[in-house]
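Asker: Can you keep this structure in mind? I'll have questions shortly.
The values are calculated or read from the model by the stated rules, or taken from the named source; none is laboratory data. These numbers were taken from a predicted model, which means no experiment stands behind them. Cβ placement follows ideal geometry from the backbone for every residue including glycine, while neighbour counts extend to all protein chains displayed.
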Amino acid sequence: MAEHLSTRLDKVLTQKVRLGIMSILMVLEEADFNHLKDKLGLTDGNLSTHLGLLEDAKYIRIRKTFAGKKPKTTCLITERGRRAFLEHMNTLEKIIRSIPGT
């Protein structure tokens, strides 16, 4: 029996917050922590956890700088992250096209 297309979905990206982060970064290429937090309606801790998982997967890179005396965290999508996102989306499209009547 052939495997179902859903087994090809990226386990890191199947979670909606991480998919949201990556969707934003695919468009902007980089975004600061507060922008992501505001757009996705997350707490600092929740966003930090998801960013850590994306960074561990090497889908994003996190750059920490200072704007004056204030710390600034910027998230940048990596080439690996871009490829993973596109493959994940392509698999979702294949799943949708496999549904009768679509």
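Asker: Run down Leu9, Leu51, Leu5 and say which single residue is without any contact (Cβ under 8 Å) to a residue 40 or more places away in the chain, at negative phi, surrounded by 11 or more Cβ atoms within 10 Å (Cβ to Cβ) and not polar (S, T, N, Q).
Answerer: Only one candidate qualifies: Leu51.
Asker: Give me the residue from region 27-46 that is among the aliphatic types (A, V, I, L, M) and free of Cβ contacts under 8 Å to residues at least 24 places away in the same chain and, out of that set, surrounded by the fewest Cβ atoms within 10 Å (Cβ to Cβ).
Answerer: Val27
Asker: List pairs: first residue in region 67-87 and of a type in the set (A, V, I, L, M) and surrounded by 13 or more Cβ atoms within 10 Å (Cβ to Cβ), second residue part of a helix (DSSP H, G or I) and at pLDDT 95 or above anywhere in the structure, Cβ distance under 6 angstrom, at least six positions apart or on different chains.
Answerer: Partner pairs satisfying both residue conditions: Ile77/Leu25.
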